[in-house]
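Enquirer: My questions all concern the structure below.
Here, each number is a calculation from the coordinates, and none is a lab measurement. Keep in mind that what you see is a predicted model, and the values were worked out from it rather than measured. All Cβ positions, glycine included, derive from the backbone under ideal geometry; neighbour counts span all protein chains shown.
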Amino acid sequence: MTEYGRNGEVIMFVTYQGSAESRFDRSYYVERHLPMLRRLFGALGLTSAEVFFPPTQGTGTIAICECRYRDEDAFTACMTSAGMPGIAADVGNFTDIMPVHIRGKRV
């Protein structure tokens, strides 16, 4: 196991923290944003992108997306690709929350 995951795999969590007043369109995220992410980054080494929605929609965690990349080179290719600006620009279509990106060790 490497610093970021098994067999060189890089794992990143994208979290959205908000309140009951925060705008987050779950349907848009699942039906449009995640497919866009998979389409643009899949060939570059994104191996999966899954979302978790807590059962209640109040203050705190609104959504967590787990993104897995084949390795560090794949992660870098995705983050620096021509598709990244489109992914970033799409965020405003489903939320008014600033996403937080987290990478860490699997223990």
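Enquirer: Using only alpha carbons, build the gyration tensor for region 6-103 and give me the equivalent ellipsoid semi-axes, biggest first, whole Å. Present the calculation step by step, with values, prior to reporting the outcome.
Expert: On the way: eigenvalues 114, 42, 23 Å².
Ellipsoid semi-axes (Å, largest first): 24, 15, 11.
Enquirer: Right, another one. For every helix of n ≥ 4 consecutive DSSP H residues, a contribution of -39,500 (n - 2.57) applies; sum these over the chain, divide by its total residues, and give [θ] at 222 nm rounded to the nearest 500 deg cm²/dmol. Display every interim value, and only then the final one.
Expert: Working: 3 runs with 23 residues, N = 107.
Taking each H run of at least 4 residues, the total per residue is -5500 deg cm²/dmol.
Enquirer: Within region 89-103, name every residue whose backbone N is under 16 Å away from a label modeled 7 Å from Cα of Tyr28 along the Cβ vector.
Expert: Counting backbone N atoms under 16 Å from the label point, the list is 89-99.
Enquirer: Could you work out which residue, out of Glu50, Glu66, Glu21, moves most in a Gaussian network model of the chain, that is, has the largest mean-square fluctuation with Cα springs under 10 Å?
Expert: Most flexible of the set in this elastic network: Glu21.
Enquirer: At R0 = 35 Å, how high is the FRET efficiency between Thr56 and Ala89 if r is their beta carbon distance? Nearest 0.05 is fine. Each step should come with its number before you reach the end.
Expert: Details: r = 29 Å, r/R0 = 0.84.
According to the calculation, E is roughly 0.75.
Enquirer: List every residue whose amide H lies under 5 Å from the amide H of Thr47, counting only residues 5 or more places away in sequence or on a different chain, with H placed 1.01 Å from N in the peptide plane.
Expert: Arg68, Tyr69, Arg70
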